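The structure appears right after this line, and notes come after that.
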Amino acid sequence: MAKNTVLVSGGAGYIGSHVTVELIEAGYNVVVADNFSNCDATCFEGVKKITGKKIPFVEMDFCDAEAVNDLFAKYKIDAVIHFAAFKAVGESVEKPVLYYKNNLCSFLNVLDAASHHGGCNVLFSSSATVYGEAENLPVTEKTPRLPATSPYGNTKQICEDILRDTVKATNVNRSPEWAIKGIALRYFNPIGAHPSALIGELPRGVPNNLVPFITQTAIGKRECLSIFGNDYPTADGTCLRDYIDVVDLAKAHVAAVARMLEGRMEEDYEIFNIGTGRPVSVYELVSAFEKVNGLKLNYKYAPRRAGDVVAIWADTALANEKLGWKAERSVEDTLASAWAWEKHIAEMEAVKASSEE
Ligand code: UFG
């Protein structure tokens, strides 16, 4: 049987590159498309070294409807995993139009092209941000979504709804082979890097997220980590999150794609939480990083960061049962991989600097 082809939009980014690797290792044909708005081509070398394969790549903007259509016309795409979106919460508050325009247009173009090129399965990368400050923890997929506190979070909610409505309409009005099936994966806090240290997160400028800030502080790019708030109502006063290893997260995508392609979906549109089910405080994470990597981190307590929820972690029972997937890597192994990747970045930068001399 011919292998299925999966399009990864935004496949040169942090999560997209790890998903690309896992899809290839699971035997899929993969096409990657990206406009390098928040990344560069560095990851392709790593992906090639890990998988031994050169992946077809198209440089394009998913807001360009014609380009998206051409892509679907060129490749017979069986499933698309849509990552191509902006993701900085703070920036989205400053530039809402940019965020709404980019994140909504790109997704609408994907759905439009998918509808014009025959039945397609669509996996949308959503976020635990849709739950806001949930009353009951851990959150299940049935936990009500709360009004988004940032335009970024709102784009996740709106795209989930767009997918739900599109799936519904195409399954009512069309023959099955022209219908769109959809899955939204709600990620908790993705961290870490591939165990080979050949791909990982490459944040531009000062990182907003905790783990890249930790590793950049450890390597000396940043002077001191600020822990935002130690007066929260938690055991050690710092916020609780569900940190999910990026390779585990990538494997959840492979499981979801297989569920769609093998016709195992129970509903035409499904939602899964992708986390570990384990709450970890900021302080615990920093301590685990120090311990597993045998170093001391320069950190201080700072005021709370606006918009942070106190605590959120996932109930993962649905993903465990329906996707046959479970997060496996320990937080220590993940933090070791994050540190190995930061050291790899330093090596790449040193090579680049010496070649420019
Ligand atoms: N933190 C620090 N210092 C830092 C950075 C973060 O103490 O320098 C703390 C935060 O206050 C928070 C925890 O570390 O308590 C995690 O923060 P991140 O920025 O790494 O992650 P968030 O939980 O804020 O963000 C995640 C996703 C976003 C999503 C957001 C919604 O990464 O995509 O949840 O709340 F939008």
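Scoring Tyr269 on the criteria (1) of a type in the set (Ser, Thr, Tyr); (2) away from the ligand (no atom under 13 Å from the Cβ); (3) more than 23 Å from Asp78 (Cα to Cα) leaves a single failure, condition (3).
Would you call Ala65 among the hydrophobic types (A, V, I, L, M, F, W, C), modelled with pLDDT of 95 or more and farther than 22 Å from Tyr99 by Cα? No, not satisfied.
When the range 14-52 is examined, which residues are found to be within 22 Å of Ile345 (Cα to Cα) and assigned to a loop (DSSP other than H, G, I, E, B)?
Within the range 14-52, Asn35, Phe36, Ser37, Asn38, Cys39, Asp40, Ala41, Gly52 qualify.
In the set (1) within 19 Å of the chain's Cα centre (by Cα); (2) away from the ligand (no atom under 16 Å from the Cβ), Phe86 fails one condition alone, (2). Within the range 237-252, is even one residue of a type in the set (Gly, Ala, Ser), in a helix (DSSP H, G or I), at pLDDT 95 or above and away from the ligand (no atom under 15 Å from the Cβ)? Looking through the range 237-252, at least one residue is of a type in the set (Gly, Ala, Ser), in a helix (DSSP H, G or I), at pLDDT 95 or above and away from the ligand (no atom under 15 Å from the Cβ).
Going through the range 221-237 one residue at a time, which ones are within 20 Å of Pro279 (Cβ to Cβ), of a type in the set (A, V, I, L, M, F, W, C), touching a residue at least 60 places away in the same chain (Cβ under 8 Å) and surrounded by fewer than 14 Cβ atoms within 10 Å (Cβ to Cβ)? Within the range 221-237, none qualify.
Considering only the range 316-339, state which residues are among the aromatic types (Phe, Trp, Tyr) and part of a loop (DSSP other than H, G, I, E, B). Spell out how you get there, then give the answer.
Here is the first cut: in the range 316-339, the residues among the aromatic types (Phe, Trp, Tyr) are 325, 339.
Trp325 - this is the single residue of the range 316-339 that is among the aromatic types (Phe, Trp, Tyr) and part of a loop (DSSP other than H, G, I, E, B).
Filtered by the rule that a residue be outside any helix (DSSP H, G or I), within 12 Å of the ligand (Cβ to nearest atom) and either among the aliphatic types (A, V, I, L, M) or over 14 Å from Trp341 (Cα atoms) (or both), the range 198-222 gives Val206, Pro207, Asn208, Asn209, Arg222. Among the residues of the range 179-224, the ones that are within 14 Å of the chain's Cα centre (by Cα) and acidic (Asp, Glu) come to 1 in all. Cβ-Cβ contacts under 8 Å between residues 6 or more apart (or on different chains), taken from a first residue in the range 295-315 that is free of Cβ contacts under 8 Å to residues at least 24 places away in the same chain and assigned to a loop (DSSP other than H, G, I, E, B) to a second residue that is of a type outside the set (A, V, I, L, M, F, W, C) and surrounded by 12 or more Cβ atoms within 10 Å (Cβ to Cβ), are listed as Lys296/Glu290.
Kindly indicate which of Ala350, Ala340 is more than 30 Å from Tyr131 (Cα to Cα), small (Gly, Ala, Ser) and touching a residue at least 24 places away in the same chain (Cβ under 8 Å).
Ala340
The values are calculated or read from the model by the stated rules, or taken from the named source; none is laboratory data. Since we're looking at a predicted model, the values are computed, not measured. So basically every Cβ, Gly included, is an ideal-geometry build from the backbone, and we count neighbours across all protein chains shown.
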